[in-house]
1. Which value does Rg/Rh take for chain A over its C-alpha atoms, Rh per Kirkwood?
2. Please state the equivalent ellipsoid semi-axes for the range B:32-90: what are the square roots of 5 times the Cα gyration tensor eigenvalues, largest first, in whole Å?
3. Which value in Å is the Kirkwood Rh of the range A:1-160 over different Cα pairs?
4. Quick one: P(r) of the protein assembly as shown from all Cα-Cα pairs, 10 Å bins, percents rounded to integers, in order of increasing distance.
5. Once R0 is set to 22 Å, what does the formula 1/(1 + (r/R0)^6) return for the Cβ-Cβ distance between B:GLU158 and B:THR130, expressed as a FRET efficiency to the nearest 0.05?
6. Would you mind checking the tilt of helix B:115-126 against the longest principal axis of the Cα atoms of chain B, expressed as 0 to 90 degrees and rounded to 10?
7. In debye, nearest 20, what is the charge dipole magnitude of the range B:201-255 about its Cα centre with +1 on Lys and Arg Cβ and -1 on Asp and Glu Cβ, if you could check?
8. Taking the Cα-to-Cβ direction at A:LEU73 and at B:ASP186 and moving 7 Å from each Cα, how far apart do the two end points lie in nm?
Amino acid sequence: MLSHITRRILLMIPNVIAMTFLLFATVSSFLGSPAAAMLGQEASLEEIAALNKQYGFDRPIIVQYLDWIAHALRGDFGRSYTSQQSVADALLPTIPVTLELSLWAILLAVVATVLFNSVPFARRVVQPITTTLAVIGITIPNFMLGICLIFIFAVKLRWLPTTGWVPWSAGVGAHLSHIILPVVTLAANYFGSFTLVYREEYKAAYRRLFIKVARAKGLSETRVSLVHALPNAILPVVTYVGLSLGPLVGGAVVTEMVFSMPGVGRLFVGAIGAHDFPVMLAIGILVIFGVMVANLVSDIVYTSINRQVSLG
Amino acid sequence: MLEKIGRGLALGAICCAMALGSLSASAEESATPKKGGTLTVGTQSDAQTLDPIASVQWSERQILFLVFDSLVTLAPDFSIHPLLAESWDVSPDGKRITLHLRKGVKFHDGTDFDADAVKWNFDHRLDPATGSAQRKQLAVIDSVEVVDKSTVTLNLKEAFPPLMAALADRAGLMESPAAAQKYGKDIGSHPVGTGPFVFKEWVRGNHVTVDRNEQYWQEGHPYLDHVVFTDIANTTVGLQRLVTGEIDFVAELQPRDIQLVQDNPDIKLDPIKNGQWYSLQWHWNEPPFNNAKLRQAIAYAIDRNRINAILWNGQATIANGPSAPGLWWSPSDKPYEYNPEKAKQLLAEAGIKPGTKITLSDPSNNILRQYDQLVKEQLDAIGLDVQLQPVDYDQYYQLTLDRKINFVPMTWTQRADPDGLLHILFHSKGTANSTGYSNPEVDKLLDQARLISDTAKRKELYDQVHKILAEDLPYVSIVFSAEYAAMGKGVQGFTWIPDLIPRFRDMWKDQ
């Protein structure tokens with residue numbers, strides 16, 4: 001187990017190098033030199049050339065990349081080209097926002113999936129609604145759903161604030177009321193896909209012998225469902241959560257844009273727009289690392305739930 | 001003999017303000033300004049820095065104009081008025097501009113605003129190591145000379161009247177040298193100016209807050225206690241937040257956006273009708289568009305009223321050239337009239353057979369897509385066969401500049417000086433001349449107009465330029481777009497400036 005984890009962590013290093021190079025190469029060939037973006041629309045070619053030289057954008061991409069990674073390995077990610085902030089100053093305050101949004105969203109999606117699809121009462125009564133919500137969650141894109149939710153709950157009903165973000169320090173109520181709509185928006189898609197996965201597993205588990213045994217023992221239907229069927233049906237969802245973390249980052253980008261949340265995703269979009277390579281690459285590393293760690297964690301969780309599988 | 005331009009302009013401004021006042025004096029706007037309150041502005045922020053010297057993004061300016069004062073300022077017709085410079089003298093050869101600075105003004109950090117600070121602001125922008133995008137606008141300055149504590153002289157390499165307009169924009173915003181020294185590279189997160197509002201906090205990606213400057217030099221100003229710029233994802237979200245009262249003001253609205261709020265009694269709309277210049281441009285000196293008859297045929301074939309009606313609900317202004325009506329240099333010429341018969345005739349004279357294919361670039365942007373489709377419809381009607389070629393919106397300006405695409409829709413925002421757009425677009429050496437247009441007569445007129453300080457005389461030259469442009473057609477002018485600002489009904493004191501950047505310093509709220 002330990003040796004497995006060590007190996008997985010070591011494997012991340014070549015992965016990060018390969019991915020960042022890919023990011024660096026595609027970004028600089030697609031977006032071009034940041035100099036034009038830094039100087040604005042009317043910059044003359046001479047000025048752009050001068051700035052390219054000053055920042056070294058005129059060197060071959062591989063040289064620029066090696067230069068960047070040499071600094072990065074020493075912990076120096078440089079300064080944003082546009083805001084002149086150090087990358088740490090730009091990036092660090094955004095991480096808790098995105099982390100909180102993502103964790104709430106995953107938690108909500110898992111809890112809602114399990115509740116709606118396991119509790120016998122809920123299964124009987126709200127089954128059609130659950131199915132409808134699952135389909136809506138999967139088919140409606142995030143930004144659309146976000147705007148619809150804003151319109152219904154903020155503009156029409158006035159129950160919640162439309163957009164924006166308030167730190168915990170400004171009050172728990174204010175913080176939570178601002179984060180509800182983004183969390184629901186981001187969770188919707190996962191609720192949909194988790195429901196589809198979980199429901200099939202749950203049905204399969206229910207047909208198995210130990211359920212009959214449990215019933216024969218005279219256990220209540222709720223107990224049969226929650227204690228015997230649920231733990232067996234949840235395994236694929238755990239794997240699925242691990243696999244969903246990559247797309248989750250994508251969903252967080254869109255959600256943060258719609259709800260004006262100062263998270264990593266919003267910073268990333270701004271950095272792309274401004275061709276701000278230092279910030280983009282740092283976020284790239286962070287996301288790649290985060291997804292790989294999350295996958296590792298989900299594998300560990302999986303093995304601890306299902307003793308038949310071991311990491312080796 | 002020196003001309004006292006500042007005072008003359010100030011008098012002019014008063015007359016102008018009186019004239020405007022009598023035109024728009026509705027009951028609520030003549031109310032006396034009230035003090036206090038917070039104005040919350042929704043903005044699609046792309047702000048990267050609040051250091052005016054490093055600033056290039058659009059949305060930064062509405063914040064910068066509150067925290068910083070510029071040396072001079074602009075009226076809605078783009079005439080220039082005093083701000084930190086109370087008046088200015090121009091030497092007869094136009095090569096020395098002496099600025100007389102307002103006395104007793106202090107930066108927010110308590111240091112004095114004086115001639116030394118002005119000199120530092122110019123020298124710092126002109127230093128290539130700073131990498132300021134404004135260096136080019138100020139490149140004509142040879143040296144900055146401190147005469148006394150409140151007088152500073154700019155020695156120019158050549159006479160250059162457009163410089164004053166630059167001093168009303170980012171290049172003229174005065175930053176505290178002491179703060180720049182103190183914060184170094186982090187100055188962009190700690191802006192210190194002399195403006196009516198003091199920077200309080202910036203949560204990037206969320207909001208910027210500025211507070212009333214209690215020590216502001218202008219007696220009784222500003223009225224508001226706080227201005228908060230809160231980020232919005234798009235105008236739809238912005239309007240929804242306006243309806244719920246979470247924000248007080250949102251701009252950058254297209255006529256079709258406002259349907260959501262136009263019947264709402266709690267919201268008032270303020271349109272500007274001489275906004276962005278929409279045009280079509282081409283490679284003027286290369287086939288097929290080096291054929292003057294073809295260019296004229298296209299100019300006659302376009303039904304500008306129809307485009308205006310469909311895209312701007314008829315609220316835009318038909319364009320007869322690059323300079324919008326209402327500016328001091330606007331020409332009085334008539335635009336090309338819609339005349340498909342004449343267009344067909346010109347096409348025949350040009351030797352272009354019916355069904356000839358022409359490729360029009362189609363940038364991935366909603367408005368430009370619809371605009372292109374209308375252009376195609378009208379050009380197809382005179383016998384051309386327009387092919388729309390999709391191109392990424394983010395890249396299309398660069399592709400145009402690199403001359404990789406030929407026939408493209410184009411938009412430009414008005415500049416505060418005629419030289420601003422006319423020189424970069426139409427001078428054969430203009431930095432944004434992507435049409436290949438070259439007319440020695442136009443070059444000569446533009447060069448001459450740069451050297452004259454007298455606006456009436458300059459306008460005569462620009463009138464000639466506009467006339468030639470209408471004949472040569474490096475661009476076909478279509479409309480000046482209409483844009484709206486929407487605000488809560490208690491929000492007062494807003495005036496549009498045709499550069500489309502909202503100014504909040506003189507606004508107030510009825511409680």
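Derivation of every value follows stated rules applied to the coordinates shown; laboratory data play no part. Because the structure is predicted, anything quoted here is derived from the model rather than measured. No Cβ is skipped: glycine too gets one built from the backbone with ideal geometry, and neighbour counts run over all protein chains shown.
1. Values: Rg = 23.6 Å, Rh = 22.3 Å.
Answer for chain A: 1.06.
2. Details: eigenvalues 113, 74, 25 Å².
Output for the range B:32-90: semi-axes of 24, 19, 11 Å.
3. Values: mean 1/r = 0.0472 Å⁻¹.
That comes to 21.2 Å for the range A:1-160.
4. Over the protein assembly as shown, the share of Cα pairs per 10 Å bin runs 2, 11, 19, 22, 20, 13, 7, 4, 2, 0, 0, 0 percent.
5. Numbers: r = 23 Å, r/R0 = 1.05.
Once the sixth-power term is evaluated, E becomes 0.40.
6. Rounded to the nearest ten degrees, it is 40.
7. Details: 3 positive and 9 negative charges, 45 e Å.
Using Cβ point charges on Lys, Arg, Asp and Glu, the range B:201-255 gives about 220 debye.
8. 3.0
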